[in-house]
Structure formats: structure tokens, C-alpha cells
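One structure is given below, encoded as C-alpha cells.
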Amino acid sequence: MADRIAARRSALEGLALPSSAGLASVTDVGVAARFLYRGAPELVAGVFGVELPTTPLRANARLERAVLWLGPDEWLLLTAKADDSTLSATLSNVLHGKPASLVDISHRQVGLVVSGPRVEALLNAGCPLNLDVAVFPVGMCTRTILAKAEIVLWRTAGDTFRIEVARSFAPYAVAFLDEAMHGIA
Amino acid sequence: MASLHRTNGGGRVDRARTLSFTFDGRTYQGHPGDTLASALLANGVHLVGRSYKYHRPRGILSAGAEEPNALVTIDRGDGRAAPNLRATQVELYDGLVAESQNRWPSLSYDVGAVNSLFSPLLAAGFYYKTFMGPRLLDSNWAWHKIYEPLIRRAAGLGKAPTLPDPDRYANRFAHCDVLVVGAGPAGLAAALAATEAGARVILCDEQAELGGALLSEWAVEIDGTPAASWVADAVRALAASPRVTLLPRTQAFGYFAQNFVALAERLTDHLASSDPAAARERLWQVRAKEVVLATGAIERPIVFPGNDRPGIMLADAARTYVNRYGVRPGSRTVVLAACDSGYAAALDLHRAGIDVATIVDPRPNGNRTLIEAARTAGIAIEVGATVIATRGRQRVTAVRIARIGADGSAAAGSWIPCDHVAMAGGWTPSVHLFSQSRGKLAWSDAAQAFLPAAAAPGQAQRSAGACRGVFGLAAALEDGFAAGKAAADTRVRKRSFNVTHDLTDFSGIVGTPGTGAHVSKAFVDFQHDVTVRDLKLAAQEGFRAIEHVKRYTTTGMATDQGKTSNLNALAIVADHLGKPIPEVGLTTFRQPYTPVSFGTIAGTSRGDLFDPVRRTPCDGWAQAAGAVFEDVGAWKRARYFPEGGEDMHAAVARECRTVRGAAGMFDASTLGKIEVVGPDAAVFLDRLYINSFQKLGVGRCRYGVLLNEAGFIIDDGVIGRLAPDRFHVTTTTGGAARVLNMMEDYAQTEFPDLKVWLTSTTEQWAVIAVQGPRARDVLAPLLEEVDLGATSFPHMSVKAVRICGIEARLFRVSFTGEMGFEINVPADYGVAVWEAVWREVQKHGGCAYGTETMHVLRAEKGFIIVGQETDGTVTPDDVGLGWAIGKSKRDFVGMRSLSRPDMVRGGRKQLVGLLTADPKLVLEEGAQVTAELHPPAGTPALGHVTSAYWSAALGRSIALALVADGRARIGTRLNVPMPGSDVPVEVVAPVFLDPKGERLHG
Amino acid sequence: MLLITCPYCRMARPESEFHYGGEAHVARPAEPANVSDAEWAAYLYMRANPKGVHAERWRHIHGCGRFFNAVRNTVSDEILATYEAGMSRPDLGDGTKDAR
């Protein structure tokens, strides 16, 4: 019998998150629950409480939950809290016997919030997409690349993006953003 | 103190402030706004370099990016040394330290100049002709040992710095509606038009100031405004728009498919001191909807004997030095004007107080208005004449002028003393970027130049102004504005420009008309010392294609890529071959337009950011425990955990003994993991893997082998069934991404009818392997109500458990041959669970072990490692895995290939074990296996050693090998040639320990 | 760097987000056991490799993850069309569709 519950340790622990006064900053999203859902979008929307976007590259967010379109049958479900066990059970129950796939990836990746007036220049140091708000509007999301790391990029406000990056690439992504801070003045 | 060589006023330098700099150790003064070249000229310094081959004294030829001679090294200290910079582009700052290149011991006394005496030996193709022998040891001996070292010392440009580059380099991906390259009159006008249309505009120019040729004008007025004010107004208007990005000091150096243009921006090199944390240069990778190329034109030198002496420069450069920098490049000038722009230069030099001795115009009839203007200014003019010789060692002292006769030959004429020659040969449009964009060029007889003709498909771009042969300020402004309007929005109103003092005729001469037959020391390519004679020699020796002439003579192959020389070289070769220029063709324009630093290209990809380094959740523990790591793909994996000064051999032997004797724990987190989910998941895996999965029970595992369609093993791993519609698939560490990609490929394109989805879970789980006879005892206290008994949880099982209170997936699997478990916990809990397991492992005398020990333990059991025992040519049967193929299967990826004739023939290499006669000797992996003890050279090997280790359990060395017909050779003796001796080996079955698997199932 | 319009994202995206996947429309035999050695070898190894217009597979691996097809001119690098996996090669009216 275990005498104690193991403690969590984030992949970002011990990393200094870069910021450049008045230009841009990077912060940790913190503990979050994440699921990768593949299948018919209507099966989980009711339980999760957010419609799954069927328009490519769009995210729907409501309260502390969000669904990001990643592919034509692939969505990233995010919640702000680590309520993974109850949510996971609820979602699993509703999908039981249904032709769909739900996989808990809460620990697979970490979330960063990148924000500030120079956020586009900062990200464009390594992301080749056009981040002009007219082309990449608020609510747009996509998998893409940041230098040599794959990321999910989601614009949550005019000057704010959320990045999801695989945990072993997180130190690289943070170090890259730190380096990129020197080139955005 | 006012310099003798400065004009009395005017120009764009700030005469109120003085900057100090050194050139070859001597201190000089200049002003803000100077380039190094203008500041040197302002100090009367003309000799700035030695030529590449003959070490001839060379001066400043130009005032821009095309400069072939004035190459310097700027040393900013601490490894910040940049060689081969063009002094004409280096902005002056206080404390600048510049060194000339390619001279020893000094510029004015250069030992290498003796090369000049041997110039007949160094003619075209000298590399190919002279260095062919003697063939002492091998055909390249003489080259490598004698000639190359000598040539490298004697010839060559600046030295690369040896210290690491301490600077930062930034990168920016950018998008715009209209990218305008070049901020001269055409570029500025294009940017104004595009901005008026509301487009997102990027305007770049390699110079510190935007304005291009307009910055060198003094009398010109545009729409009633002096040129300089007009530029300032235009730049102010552009800067005021938030949709415009102005990039001075930014060279567009590469134009790629679909309007992708690379720009190099210099951020700090012009500053006397800068924030060391700031980036030195920035690479812009611009994707433009439309590109306007306004890259201007480069004035051509005139080819005449002795045309390379210091003091001889391009006429427009002389005019720029006078008008823009307030520098007198000479006191007595001869202007050789084959183009009207030479007259404009002569008039401006005259106005600046330079004695213009004469204008020599090789054309039969000059421009009457300009001739009249020059005569009015009191300048002598010789029409129908040229220069046929020059004098002066380190600076031109005189030129010999001769009249060109009716037959084109020039008769010997009189010497005229001078210390400066300005030559105007006409203008070559800068079509480099257009050509890089794969646009087609066409020869224009009228312009005597290649001009942009057809754009390449997918390249929405247009050239404007001089770079497409539209010369003259008014015409260039109008052309630029029209291009910007066409690129952005055709509704913008057309604009015309009223320009005073405008020239219209910019034609000139190409080649060597009028210089006679003997033209030694008539230089065409200054930087590579290619003369008219070299080009004629190449043509005489049978080179017909210009690309071959280029390589044979090296014309146009220097760092300046022949910006001032290519057209003259082409004309000379065409003339010699008796062909028109377009028939001889044109050499390829390559990126970069001007040299770009390696730092800019590399950007952030160096040091820790060169590649992502992937570390597991338990990595910190391993580091603290003193693990030695190895790279496996991008991952860092603990290789072994030395204790008390152990070397690898001792540590691995101890770890092996401990695992087999008690227990060991191992970080297996890097193994690829894919969750395969859906009602057709089992069918899908059946079609991918050689094994059968449909009948695999929930909670059971199977060792899966994956082939490619050619029938060769590409991956393997344990696959566990978590639910009827859910599998936990593991892959090799290095194969994770490849296998997922392959699975997606089949799921999406070959079997889209199957309801199955794949999700990478590699990083969701931290995986802790516990192996050894005490493994069960280690785990039991950490688990809640789990029976780990051999019957309830046998080998190759999986179940959901709680360990340390955390939901986990527990596998009973083994890669060591011992009783083994693999704990999968969500990654954030990995290190905490690891530490809990570690406390238990210690209680049982166990250890942590690394990949090296894992390799030895699995080799003792004959378990293969994909990529070590397999190399992409190995089938399941080759490595004894034929048993894994599902017996009733009709198809799986690669199955059909397994019955191809080559796969079923005899003689295929098969996995066997090898035992050396000397038990202490460990074979080398990769060593060949032969039948004979001392096979003669050329004997094909029977196979090769794939793995070889010291086995602590057996107290001897072991090896695995792929050997032709290996299984039939078990019990026989073969040989392994190794350095120093050939090693006899006995062929054995590839399982060295516990062949019945009793330990595994315990 | 090419710009490739992903038919699933319906957006032009930079080449660095994609993986190349070789010639398109090379169908795996439905019953491999029933094809001859020569037919199987042709399926495995024979590719058109034209200088010019080529239908080829790409995967938007760092995007939506989907495999799709593109018609590209291998000389000019022009991408003439992109379309979803499983769709037949579009007729671009240039006579290249049936010229495999």
C-alpha cells in the first residue's frame, strides 16, 4: 500500500520564462487537462460543453474550456483545471462503444501564453506563418512549427497566443523564445 | 583640420563631427556619413589591396556593392572579425579597425608581387595546366603537398576568424503585399504607389540611407524640390504609414520560388558600440504577394591596358564621392567617357575643384549638348579616342591617349599626367535577383544588356527602373511608380515626375573596342585578375560555352560574382568567337547577391539551440545520480551509472550482475508509444504488423514486428490490448515518429474504410522498467491491491493499476530475460514514482541501469535491436522471428514481398551467435565474418558482427552476427578479421542465456 | 521554400510544415497474394519520375496531419493543384493527366 501520493513536477519547473519589458512575455499555463478527440464532432460536444468547430483552424472557447480544430477529424480539448479524472470518466462513458477515439494527453505537452505588443515578431522568429491579425485572427489555431519544434498555436487575443508544445521540446521552445526576445526590439 | 581631399562643402557627411579609425595600423579621420572607402579617399589613400593572383596594387573602383578591389577585414575584437567586406559598404564609426588583405608584409611592399613577373605562368587555366605532376605517391600528391599549400598562402582573400562568433543573429519570417527591393528613385516611387494603395509594404535597401542614386545628385530637382529633400519627404511619408516596413542596411540576396525572398539586415556593424545582447544581423525570410525589383544598374569599367592601377575608378563612383561624401578622389582627372554619364561626372568633379585634364570619349560622336557644357566649363575633350596605357606603381600617374582610327585600331598617342581616372563604360542592369527568380533574360541591342523578359511561373514580380533598362531619373521614377501601382492596386492614379538635369542616354560600350590587338594587363575581372588575354586564350583553346570559359579562367567567380566584369568578359569571348553575345549565352546568377555571414544563415541554430535536446521526466534524477548519457536521436539517455570511479566496463558489468541477481530499474520513457483506438483497431494492427492481434485478449501483450512493403523489418515493440477497441503500441525510440507517420499513411490512404485513430502518447507517459528476480518484491509495496503472481499477471500482460496513488498502466514485459515490469505513469509524476521505486530497489540490493547494460542483457538473450541487428535488408526469418508471423494471415504490410524469389533463396544472412576462441576478446561491431582465416583481398564476407559485448553472466565475450546460411553453420568455425589479427569464432545459436525462458516467467 | 495549399486546412502554408510522400495514385494491390512477382515489384519500385508535371503525395505533418495529393511541375516547382487523398487527379487541361 502506498504511503503517500506522488507529487507532480511540470516540465517547465526550474525554467526561467523569458520576458522583455513592454515588448513580450512568456508565462506558464500551469496544470491543465488535455484530450485528443478523433471521431464525429457531435458525440462529445454535449458532455464537454463546447461545440467542436468544424471550420478548419478554428477554436471554440467557453468559460474555462476550449476545443481546437487540429485536423478534419481531430480536436484538442483543453480545460483550465486538472479535472482530468472526472472529465475523462464522463467522456469515456459517453463514447463507450462509439466509433471514436479519446486519449488523455494532459501530460504529453505543456502550455505557454505568449503575449505583448511585439508578440508577432517574437513568434515570427521561428514560426513561418503570417501572424497578421487579418490573416491569423483571434480564435484561429493550428499546428505549426516554432524553429525546430512542432507546436499548436492559438490566438486568444489580439496580442496573446497560447502555445502547446510537447514536454520534451518545452525547454527548447522556452530557450528559443528567450533568444528571440533579443531580436524584437 | 580640413582635409586637402575634402570638397569645400556639401555632401551628406556631418563635417561638424570627426571620427577616428585605423587602416593597417595607421590612424585616420573621417566623418559620420562616410564609408570606409570615402574616408580613405578623403585621406588620400588609394592603395587599399593587392590583387588575388598577381598581387598588383589595387585601389577603390566603385562606391557600392559591386566593389571588387577594396576588400578589408574589420576586426571588432573577441572573435568579431569579418573578412572580405567591401570598404565601399562599410559605414565609418569611431574606433573602426580595418586591415587590408592578401599582402605580406605590407600593402606598399608586398613580396607576392613577384607573381606578376611570372604572369605568363599564371594565365587562364593555370590551376589545371601547371599542377599535374610529379606523380610520386598518388596522382594528387603534388597538389596536396606542394601546390595547394603554396597557393593558399600566396593567393586568397581574407582569413576566417578562428574564435567562436560571439554575436547573436536574429531571424524573422515576414509577409507583405509588396516587397520593394532597392530604395533608389524607382524603388521609392514604387513604395509610394503601393503605400498609397494601402498595401503592406516592405522596402529594403543595402545602403545605410534610403535614396540610392538620388543621394549622389546635387543639382537635380524633382517636381521643384531638390533631390535630397524629395528623398527625405518620400521616406518620411513611407515611415508614417504603419503598414510600411523600411529596412535600410538590408541586402536582398536570394530570390526563391513563390516570391520567397531572403534579406540580410545589418543591425549593429555600423555602431561604435552596441548592446552585446542585441542581434548583429537579422535574416528576413519574406513571402511577398508581389515583388518590385528596383535594383538599379552598375556602371561598367572600360577595358584598356593598365586599367587596374589605384586611382582609376568608375566615373559615377567618382561623382558619388564628390557629391555625396564631399571627397575629392583626385586632383587631376582624366575622364574616359563612353557613356553620357561620364560627362555628368566630369562636370561635377570640375565643380568640386578637381582639375579635369580631359574627357576622352571613344565614341565617334559624343552628345553634343554635353560636349558643349563641358567645353563651356573649360574642359578639353577628345572624341574618338581612348586610353591605351597607364603609368604609376601605387597610384596612376599618367595615361596615354590615342585616337581610334577608322579600322578600329588605336595609334600610339600622348601621355597625360594625372592622379585619377574616371571611366564610364555604360551601365549593366542588375538582373541578379530577377534571374534567381528563374525569370528569363533577353539581350537588348538598344541597351547593350540582358534585360528581364519573361517572369517565371508563380513569381508575381516586376522590375522597374534601371534594372530593366529604363534609365534617367524621370523615367525611373515613373516606371517605379507604375510598378508599385500595378503590384498593389491599379486604381492608384498614375504619376509623372518633373526632373531637372536629367540624362536620357545611358548606352555605352562593351568589350574592348579600340584598344587594339595586344591588351596584356587589360583587366576584365579585377578581383580574380582575369585579363583580356586570358579570355582569348580560353577561346583559342577551344572553350565555347561561357560557363566553361568562366570556370577555366575563373572570371566572375570571385566574391563579387563578376558584377563589374561579366558583360565585358562575355563581349570579349563573343567577339573572339565571332558570335553575337546572346548566342554565347550568360552565366548563372546565384545566391547570395553579396556575401552573407554564416551567422545570418545559421541564425539561432547553434549551441544549445542547434537542435532540441529531449530529456525524459526522470532525467534530472539520472543527472544527479551521476549517469553518463548517450544521444539516441534527439534524446539524452542514461547509458550507465558509474559508482566510485568505475569505468564503463566495470559499471556495466556490475549493473548486469545486479539485474540478474536482484533487480534493476531503467528509464524506458523514450520508447515510442501510440494509442490505437477504434472498433477496427485490431484489424488495423493485423494489417500493419506481421503478428495476429484480433485474438489477443484484453489485458494481454504481444511482441509486434513491423515491416515495410519490401518485406524488411523497420520496427518492433510490445503491443498491449487495453480494451477491445484500444491498444497501447510501443515502438523503438528512434522509430516513434516514423512508425506513427506510416500508420497514419495506411489509415488515411490505404485503409480509409477502417474506423481507427492513432494518437502519439510517447510523452504522456514516463516509463520505468523494473527487471530482475526481485522485481515483484520491489513493486508490491507501491501498488494498491494488485496480485502480481505469475498466474494472475503472467509475462506479456498489462493492467491498469494505481502506483503511489497515481493511475498507471503496468506491463509485465521483459527485454532482459528476467522477470520484468514496465510502469507507465503520467509524465508529471514520473520522477516522484521513480524515486519511490528507487527506495524499494535499494532495499533489495538493486540498482539503476542504463542503455549499455540494457544492450548487454538483451544480447545475452538474443533479442534484436532494430537498426543494430537489422539494416533495412533483413526479414523476420533472417533474424529468427518467422514464428511471429500470424499463421492464418492473408495479408500484412510486406507479406507479399516475403515470397519474392530473392527472399526465399538460399544464402540469405541469418542471425547467429559467435563465441570467440579467446573468451576475453570482445569483437568489434561491424567486423566482417569470413570462412577462411586469411582471406585473399577481394573475398566477399559471409556477413558481419552486429553486436558484441562482455557478458558478466557468462564470464566471457558474446557476439551476434548476420551470416550467410548462418543457422546451417551453427557448430562450425568461422573467422573475424580484426586489426592486428584474425579471430577464430564458433558459430552458436543466438541465445546465450536461459534458452527456455524460465527466469522470464518466474 | 514552397508554399503549398493544404486542401484540408484550405490555406497556403510553408513547405517546412509538410513532408513529401512520393508519387501519388500508386494503389496498393487489394489482394497482394494474387499479384505476380513482377506486378508486386512494379508496385514497390517503379515510379514515373517525370521532368515536368507530376502528381505526388504530401503530408501536412506539422499542420492538420492529413495526407493529400498535389500536382507539381518538377521543373518550375509550380504547384498546379492540391486535392484530398482518395480524389482522382484533376484534369488541368494540359494533357498531363493521362500521360503517366
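Filter the stretch B:853-898 down to the residues that are charged (D, E, K, R) and buried (at least 17 other Cβ atoms within 10 Å of the Cβ) and list them by number. Show your work before the answer.
Of the stretch B:853-898, the ones charged (D, E, K, R) are B:858, B:860-861, B:869, B:871, B:877-878, B:887, B:889-891, B:896.
Selection gives B:R858, B:E860, B:K861, B:E869, B:D877, B:D878, B:R896.
Of these, B:V261, B:V303, which one is open to solvent by less than 20 Å² (accessible area, probe 1.4 Å) and either in a strand (DSSP E or B) or within 14 Å of chain C (Cβ to nearest Cβ) (or both)?
Result: B:V261 is the single residue among B:V261, B:V303 that is open to solvent by less than 20 Å² (accessible area, probe 1.4 Å) and either in a strand (DSSP E or B) or within 14 Å of chain C (Cβ to nearest Cβ) (or both).
Tally up the residues in the stretch B:40-66 that are in contact (Cβ under 8 Å) with a residue 60 or more places away in the chain and either over 32 Å from the mean Cα position of the chain (by Cα) or within 13 Å of B:A87 (Cβ to Cβ) (or both), please.
Adding up the residues that qualify gives 16.
Within the stretch B:396-432, which residues are free of Cβ contacts under 8 Å to residues at least 40 places away in the same chain and of a type in the set (G, A, S)?
B:A398, B:A402, B:G405, B:A406, B:A411, B:A412, B:G413, B:S414, listed by residue number.
Considering every residue within the stretch B:318-327, establish whether at least one is assigned to a strand (DSSP E or B) and within 21 Å of B:G49 (Cβ to Cβ).
yes
Could you please give the count of residues in the stretch B:955-990 that are open to solvent by 60 Å² or more (accessible area, probe 1.4 Å) and at pLDDT 95 or above?
7
Across the stretch C:1-28, what is the total count of residues that are at the interface with chain B (Cβ under 8 Å from one of its Cβ atoms), part of a loop (DSSP other than H, G, I, E, B) and open to solvent by 30 Å² or more (accessible area, probe 1.4 Å)?
Going through the stretch C:1-28 one residue at a time, the tally reaches 1.
Within the stretch B:6-29, track down each residue that is more than 22 Å from B:S106 (Cβ to Cβ), touching a Leu at 6+ places or on another chain (Cβ under 8 Å) and open to solvent by less than 30 Å² (accessible area, probe 1.4 Å).
Residue satisfying the conditions is B:L19 alone.
Consider B:S496 carefully, then state whether it is of a type in the set (S, T, N, Q), open to solvent by 10 Å² or more (accessible area, probe 1.4 Å) and not in a loop (DSSP other than H, G, I, E, B).
Numbers: of a type in the set (S, T, N, Q): yes; open to solvent by 10 Å² or more (accessible area, probe 1.4 Å): yes; not in a loop (DSSP other than H, G, I, E, B): no.
When the stated conditions are applied, B:S496 does not pass them.
Out of everything in the stretch C:43-61 that is exposed (fewer than 14 other Cβ atoms within 10 Å of the Cβ) and aliphatic (A, V, I, L, M), what residue ends up being farthest from the other protein chains (Cβ to nearest Cβ)? Spell out how you get there, then give the answer.
Restricting attention to the stretch C:43-61, the residues satisfying the condition of being exposed (fewer than 14 other Cβ atoms within 10 Å of the Cβ) are C:45-49, C:51-52.
Those left that are additionally aliphatic (A, V, I, L, M): C:46, C:48.
Numbers: C:M46: 13, C:A48: 18 Å.
Checked the stretch C:43-61; the qualifying residue farthest from the other protein chains (Cβ to nearest Cβ) is C:A48.
In the list B:S139, B:S62, which residue meets the criterion of being modelled with pLDDT of 65 or more and either in a helix (DSSP H, G or I) or open to solvent by less than 70 Å² (accessible area, probe 1.4 Å) (or both)? Break it down into steps so the answer makes sense when it comes.
Numbers: B:S139 fails: modelled with pLDDT of 65 or more.
Sole residue among the options that is modelled with pLDDT of 65 or more and either in a helix (DSSP H, G or I) or open to solvent by less than 70 Å² (accessible area, probe 1.4 Å) (or both): B:S62.
With B:T500, B:T512, B:T490 as the choices, which residue is more than 14 Å from chain C (Cβ to nearest Cβ), among the β-branched types (V, I, T) and free of Cβ contacts under 8 Å to residues at least 40 places away in the same chain?
B:T490
Could you check the stretch A:161-185 and list, in sequence order, the residues that are open to solvent by 20 Å² or more (accessible area, probe 1.4 Å) and either more than 12 Å from chain B (Cβ to nearest Cβ) or assigned to a strand (DSSP E or B) (or both)?
A:R162, A:A166
Looking only at the stretch B:380-401, how many residues end up being under 20 Å from B:V510 (Cβ atoms) and among the small types (G, A, S)?
Going through the stretch B:380-401, the residues under 20 Å from B:V510 (Cβ atoms) turn out to be B:383-388.
Among the residues that remain, those that are also among the small types (G, A, S) are: B:384-385.
Looking only at that region, the number is 2.
Could you list, in sequence order, the residues of the stretch A:31-49 that are under 12 Å from the mean Cα position of the chain (by Cα) and either within 15 Å of A:L91 (Cβ to Cβ) or open to solvent by 30 Å² or more (accessible area, probe 1.4 Å) (or both)?
Matches in the stretch A:31-49: A:V31, A:A33, A:R34, A:F35, A:L36.
Kindly establish whether B:F712 is open to solvent by 10 Å² or more (accessible area, probe 1.4 Å), farther than 23 Å from B:I823 by Cβ and more than 10 Å from every other protein chain (Cβ to nearest Cβ). Show your work before the answer.
On the way: open to solvent by 10 Å² or more (accessible area, probe 1.4 Å): yes; farther than 23 Å from B:I823 by Cβ: yes; more than 10 Å from every other protein chain (Cβ to nearest Cβ): yes.
When the stated conditions are applied, B:F712 passes them.
Among the residues of the stretch B:190-206, is there at least one that is within 14 Å of another protein chain (Cβ to nearest Cβ) and in contact with a Leu (Cβ under 7 Å, 6 or more places away or on another chain)?
Yes, some residue in the stretch B:190-206 is within 14 Å of another protein chain (Cβ to nearest Cβ) and in contact with a Leu (Cβ under 7 Å, 6 or more places away or on another chain).
Listed residues B:V231, B:V201; which is touching a Gly at 6+ places or on another chain (Cβ under 9 Å), open to solvent by less than 10 Å² (accessible area, probe 1.4 Å) and under 29 Å from B:A87 (Cα atoms)?
B:V231
So how many residues does the stretch B:802-820 have that are more than 10 Å from chain A (Cβ to nearest Cβ), surrounded by fewer than 24 Cβ atoms within 10 Å (Cβ to Cβ) and β-branched (V, I, T)?
1
Would you point out which residue out of A:V67, A:V103 is more than 28 Å from B:D177 (Cβ to Cβ), within 11 Å of chain B (Cβ to nearest Cβ), modelled with pLDDT of 95 or more and buried (at least 19 other Cβ atoms within 10 Å of the Cβ)?
Unique residue meeting the criteria: A:V103.
With respect to B:R86, is the statement that it is modelled with pLDDT under 95 and either at positive phi or out of contact with any Phe, Trp or Tyr (no Cβ under 6 Å at 6 or more places or on another chain) (or both) true?
It is false that B:R86 is modelled with pLDDT under 95 and either at positive phi or out of contact with any Phe, Trp or Tyr (no Cβ under 6 Å at 6 or more places or on another chain) (or both).
Within the stretch B:834-850, work out how many residues are open to solvent by less than 10 Å² (accessible area, probe 1.4 Å), more than 14 Å from chain A (Cβ to nearest Cβ) and assigned to a helix (DSSP H, G or I).
1
Scan the stretch B:560-580 and tell me whether some residue there is out of contact with any strand residue (DSSP E or B) (no Cβ under 9 Å at 6 or more places or on another chain), open to solvent by 60 Å² or more (accessible area, probe 1.4 Å) and farther than 27 Å from B:L451 by Cβ.
Within the stretch B:560-580 (the criterion being out of contact with any strand residue (DSSP E or B) (no Cβ under 9 Å at 6 or more places or on another chain), open to solvent by 60 Å² or more (accessible area, probe 1.4 Å) and farther than 27 Å from B:L451 by Cβ), the answer is no, since none of the residues qualifies.
Could you list, in sequence order, all residues of the stretch B:440-487 that are assigned to a strand (DSSP E or B), buried (at least 22 other Cβ atoms within 10 Å of the Cβ) and of a type in the set (A, V, I, L, M, F, W, C)?
B:A449, B:F450 - these are the residues of the stretch B:440-487 that are assigned to a strand (DSSP E or B), buried (at least 22 other Cβ atoms within 10 Å of the Cβ) and of a type in the set (A, V, I, L, M, F, W, C).
Among the listed residues A:L78, A:L17, A:L52, which satisfies the condition of being open to solvent by less than 50 Å² (accessible area, probe 1.4 Å), within 24 Å of A:G116 (Cβ to Cβ) and away from chain B (no Cβ under 14 Å)?
Of A:L78, A:L17, A:L52, the one residue that is open to solvent by less than 50 Å² (accessible area, probe 1.4 Å), within 24 Å of A:G116 (Cβ to Cβ) and away from chain B (no Cβ under 14 Å) is A:L78.
Here are some residues: B:V874, B:V893, B:V879. Which one is within 14 Å of chain C (Cβ to nearest Cβ), closer than 30 Å to C:A38 by Cβ and of a type in the set (V, I, T)?
Matching residue, one of B:V874, B:V893, B:V879: B:V893.
The values are calculated or read from the model by the stated rules, or taken from the named source; none is laboratory data. Note that the structure is a prediction, hence the values are computed from the model and not measured. Cβ: placed from backbone, ideal geometry, glycine included. Neighbour counts: every protein chain shown. Heavy atoms of the whole protein, side chains included, go into the accessibility calculation; ligands, DNA and RNA do not. Shrake-Rupley method; radii C 1.70, N 1.55, O 1.52, S 1.80 Å.
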